[in-house]
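Some notes on the structure that comes next.
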Amino acid sequence: MNNQKFFKTVITYEILCADEPYEFESLEQAHYDVTIGHYSGMLLDKQDVELTQNEMHEALITQGSDPSFLDDDWDDESDD
């Protein structure tokens, strides 16, 4: 029996800027913009949600990811 747990984390991050709405490109760019650029940012919320294997499978498909790593032997492939 597989006792593996699955989680999703949802974060809400606020970015303050002047003149026009912030153009989000990536988390990497947002990090750069608030640490080195001319923006201010703050983590507002973080939620961890435990998922069933079926919910994880569906969430991966929704994100455009391949859920095949959920197979019992997915981690054995990295040992080759």
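Throughout, read-outs are computed from the coordinates displayed, never taken from laboratory work. Every value quoted in this text rests on a predicted model; they were computed, and no experiment measured them. Positions of Cβ are generated from backbone atoms using ideal geometry, with glycine treated the same way; all protein chains shown enter the neighbour counts.
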Report the residue count in segment 1-47 for those that are exposed (fewer than 10 other Cβ atoms within 10 Å of the Cβ), hydrophobic (A, V, I, L, M, F, W, C) and either within 20 Å of the chain's Cα centre (by Cα) or closer than 24 Å to residue 70 by Cβ (or both).
-> 5
Quick one: what pairs do we get from segment 32-44, first residue closer than 9 Å to residue 16 by Cβ, second hydrophobic (A, V, I, L, M, F, W, C), C-beta under 6 Å, 6+ apart or different chains?
-> 39/15; 39/17; 40/16; 41/15; 41/34
Residue identified as touching a helix residue (DSSP H, G or I) at 6+ places or on another chain (Cβ under 9 Å), surrounded by 10 or more Cβ atoms within 10 Å (Cβ to Cβ) and not polar (S, T, N, Q) among 58, 50 = 58
